[in-house]
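The values are calculated or read from the model by the stated rules, or taken from the named source; none is laboratory data. Computed from a predicted model, the values in this text were never measured in an experiment. Ideal geometry is used to build each Cβ from the backbone, glycine not excepted, and the neighbour counts take in all protein chains shown. Keep in mind that these areas ignore ligands, DNA and RNA; they rest on the heavy atoms of the full protein, side chains included. Shrake-Rupley method; radii C 1.70, N 1.55, O 1.52, S 1.80 Å.
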Amino acid sequence: MLMNRRTLLFAFLLLTFSFVNAQLKSPEEFLGYKVGTHFTPHWKVVSYFNHVAANSPATVKLEQYGTTNEGRPLLLAYVSSPENIQQLESIRMNNIRLANLSRDKMAPTETGAPVIVWLSYNVHGNEASSTEASMLTIYALTDPSNSRTKEWLKNTVVIIDPCINPDGRDRYVNWYNSVVGKNYNPQLTAREHREPWPGGRTNHYNYDLNRDWVWQTQKESQQRIKKYLEWMPQVHVDYHEMGINSPYYFAPAAQPYNDVITQWQRDFQVTIGKNNAKYFDQNGWLFFTKEEFDLFYPSYGDTYPLYNGGIGMTYEQAGGGASGLGVLKKEGDTLTLVDRALHHFTTSLSTIEISSQNAAKLLSEYRKYFNSNVSNGMGDYKTYVIKNSPGSSQRMNALADLLVKNGIQYEISAGDVKGSFTGYDYNVGKNGTFSVQAGDMVVTSYQPRAAMVKALFEPQARLADSATYDITAWSLPYVYGMNAFASPAKISAAGIMQPVKVVNPSTGYGYVLPWSGMTTAKAVSQLLQKGIVLRYTLEPFEEGGNKFDRGAIIILKTSNQAFGNGLWDIVKNVADDFNLQLYSVNSGFVDKGYDFGSGKVRSFKAPKVALLTGESVGSDGAGQVWSFFEEQIDYPITLINANDAGRVNWNDYNVLILPGGFYRFLNDKSTLEPFKDWIRNGGRVVALESAVAQLANAGFGIQPKKDEDGSKDTSEYGDLKKFDNSERDYISGSMPGSILKVDLDNTHPLAFGYPDYYYTLKLDASMYEFMKNGWNVGVIKKNSQVSGFVGSRLKQKLKDALLFGVENMGRGTVTYIADDILFRNFWENGKLMFCNAVFLVGN
């Protein structure tokens, strides 16, 4: 009788499941058009995924994991068999246990566990075909008549992110839909193939989210990576598009590979690539592998999953913003959105298929990988010690925050560790002895994410092939400007130091706040916006038994009488919010140094800051400044279109920021001279990257360094080159992101808060002569290269050059910053210098 009841219940559930799925619509039925014949805006994509989830509840779970800067929803769809969906959380927890990342320490189940495949679509907004493909993919996985996908889902959980970058994609899609005619025009000169500035590639703040996996400076990345690390899939695919005349690209990837990538990960990329090739060959579609797209830089959508134990891959389809619904290729064929979506759809299913067929092997290798990490560590260096040097606590906290975001384990030592150790000294570039003291950070390689530890901390990553796609150096002690050692020894902290909540004293006269990091800069931003007049010191001083360095912020009643007795509550509340230590002072008469009434103590108010942006300005450079002001220091900034510069009343602003770009008004005497007059009358300019070169051409007091390249072959046949060596010849003169040590004049306000050196990320060969009538604040001398690749023809040039300088013009200043000190807003070491340029220089 019981058996009959169970049979009846199963039959009822089966009937219900079949009835529900009978309501499921294909993308074409739901949208009213064939996928690829129109661009689908994000709201419609979301609606379709909601439709699928509502009509396939047994096999789909839909989750909104966040929102974009512009408020669009970010979605994940989990698709699997009814049995797996019912126990989805148990599957996730078991997967985390396989990676030795669970806190419950329960033993994982390897046999019979499903493999996790994560598909990430449309990280670059104007590479818009993959989101269209995501709808085809989820329908194929839930279509009740599709027996092949049903079989795969028995041992596979597929996680679909239909659009990583909805803001950028909608920017492109809405623009395109507004300019395309009744029928698309495939001629490349048609306006529908000429996307306006800044294009849809990036997010709201013009950030390339595909470079943000590790750094997580952007809202979308922060929310997505949190979910990714909760799942830790075995397979991940990142979908892209490239030039319209290219064929399709899929793994295996090109060299260089980072050393942390295992032989199994390399081999399975080949397995997946062969499965993709099978379907492309059947359809007569061209493709290529092992070229262009390498696996070196750790913050991509293919490398980040690889460094976290999975099989990470990039798939690239011809297309992008120039393609529209259809475009003529140079061969005469028309590349359509229908084709592009179909190709991505094909590799989506192929990847799921081959993963399902190899589920047991994927899981066993995954388990072996993480067991080895915990037992053996990874790399020659087993422990990285970041020193708690004076004034470094804010940088240390920022580094710790990054490690937490990436699930990397670390300890802050509560006491001194006995003995001394030998290891690589990042500051001097060779081995030395060191000790571990209270407050030092200890990061061991003996942990599940050992590969990520090695990739992010090792001083110099081995570069097997210099033809790489991105920067070649990013070691965290240099990124954060920290003293550190890398040791082959296994070192443990002497207990774990717990965070301390600062208790600030009361005062009747004033406070001093050391200028020691970005947390201080954020607090200063808030105080200035409240209308408080601040002071900073040009020279060190001592008061009440405390020593204060240059740049220390002084808050006094003088000039702040309007706040009455409430001034100190405001200051304390801001400091408490940031957990910053205030030092109470009872007199302007200091124990040592210059008194508070001296000319060596400067007052400053909240500056009115403008940023030139728009056409002819680098969107990434402008975007990172915009993001820095709004998201990091929370300070108001006015964005002005560069083409309107000739009509701007400069007197409305105190500080003007020029990101890299080309500014027409600097080439027109009628607009250049009023601009110079504004500077002479007290205006302050901060010129970044290529904007420095344009100011040099406009007659400002800085000049490019003369080319003293003695490596050119001047022999009779020196101009004869082999075609096969063209790429190598180019590389010999390139510098794709290398770290140099800069000598700093830290007595100048531009370098306040720094030691007498700075680690810069050098992206090009732009260097300048020492200024005769200005301040040479940051210069490179001989042997300045610290980490990363520099072409052979450039190495001898990297000496005796200016990178950071300040020119006084009348009562105003021009600050020249030749390198990208905010690079992708993860270069923590440069942020305080940028704040110096905005708030302190010229006051």
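Quick look at the numbers
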quantity: Computed lengthening from Gln23 to Arg191, 0.36 nm per intervening residue step minus Cα-Cα distance; calculated: 56.4 nm
quantity: Fraction of accessible area attributable to carbon and sulfur, the range 49-206 (%, probe 1.4 Å); calculated: 48 percent
quantity: The range 278-433, accessible surface, carbon-and-sulfur percent (1.4 angstrom probe); calculated: 48 percent
quantity: Accessible area expressed per residue, the chain, with surrounding protein chains retained (probe 1.4 Å, Å²); calculated: 40 Å²
quantity: Asp208 accessible area, assembled protein chains, probe 1.4 Å, Å²; calculated: 30 Å²
quantity: Residue among Pro704, Leu75, His344 farthest towards the positive dipole end of the chain, charges placed on Cβ; calculated: Leu75
quantity: Within the range 279-379: Cβ-based charge dipole about Cα centre, in debye rounded to nearest 20 (Lys, Arg +1; Asp, Glu -1); calculated: 340 debye
quantity: Relative contact order computed over the chain (Cα-Cα under 8 Å; 6+ residues apart), in percent; calculated: 10 percent
quantity: By average C-beta atoms within 10 angstrom, highest first, the peptides 30-41, 246-257; calculated: 246-257, 30-41
quantity: Residue order for Tyr304, Tyr446 - accessible surface, 1.4 angstrom probe, largest first; calculated: Tyr446, Tyr304
quantity: Estimated dipole of the range 171-294 in Debye, rounded to 20 [Cβ of Lys and Arg +1, of Asp and Glu -1, Cα centre]; calculated: 400 debye
quantity: Over 28 Å between alpha carbons, listed pairs Lys530/Lys772; Lys608/Lys782; Lys572/Lys592; calculated: Lys530/Lys772; Lys608/Lys782
quantity: Segment Asn431-Val503, extension gain: residue separation times 0.36 nm, minus the distance between their alpha carbons; calculated: 21.9 nm
quantity: The range 145-265: radius of gyration over Cα atoms, expressed as a fraction of 2.2 N^0.38 Å; calculated: 1.37
quantity: Among Thr671, Gln632, Ala99 - extreme Cα towards positive end, dipole of the chain, charges at beta-carbon; calculated: Ala99
quantity: Estimated inter-spin distance, Thr747 and Glu63, nm [label 7 Å along Cα→Cβ]; calculated: 5.8 nm
quantity: Antiparallel DSSP beta bridges within the range 240-346, as percent of all bridges there, nearest 5; calculated: 35 percent
quantity: Cα centroid separation, the range 624-690 to the range 205-265 (Å); calculated: 35 Å
quantity: The chain, dipole about Cα centre (Lys/Arg Cβ +1, Asp/Glu Cβ -1), debye to the nearest 20; calculated: 1160 debye
quantity: Per-residue [θ]222 nm for the chain (sum of -39500 (n - 2.57) over DSSP H runs n ≥ 4, rounded to 500); calculated: -9500 deg cm²/dmol
quantity: Accessible area (Å², 1.4 Å probe, nearest 10) - Asp267; calculated: 70 Å²
quantity: Furthest towards positive pole of dipole, Leu328, Tyr207, Pro196, structure part the chain, Cβ charges; calculated: Tyr207
quantity: DSSP H segments from the chain that extend 27 Å or more along their own axis, Cα-based, with Kyte-Doolittle mean of 0.0 or above; calculated: 2-22, 337-357
quantity: Evaluated over the chain, the Cα radius of gyration and Dmax, each in Å; calculated: 29.0, 100
quantity: Cβ-derived FRET efficiency at R0 41 Å, Lys405 paired with Lys274, nearest 0.05; calculated: 0.70
quantity: Within the accessible area of the range 753-843 (1.4 Å probe), percent carbon and sulfur; calculated: 45 percent
quantity: Projected label distance in nm at Arg266 and Tyr594, using a 7 Å step from Cα toward the beta-carbon; calculated: 6.0 nm
quantity: Taking the range 753-832 and dividing mean pair separation by its residue count, relative contact order in percent (alpha carbons under 8 Å, at least six apart); calculated: 34 percent
quantity: Residues listed by number, the range 461-489, amide nitrogen under 12 Å from Thr422 label point at 7 Å toward C-beta; calculated: 488-489
quantity: Computed E for Ala489/Arg462 - FRET, C-beta separation, R0 22 angstrom, nearest 0.05; calculated: 0.55
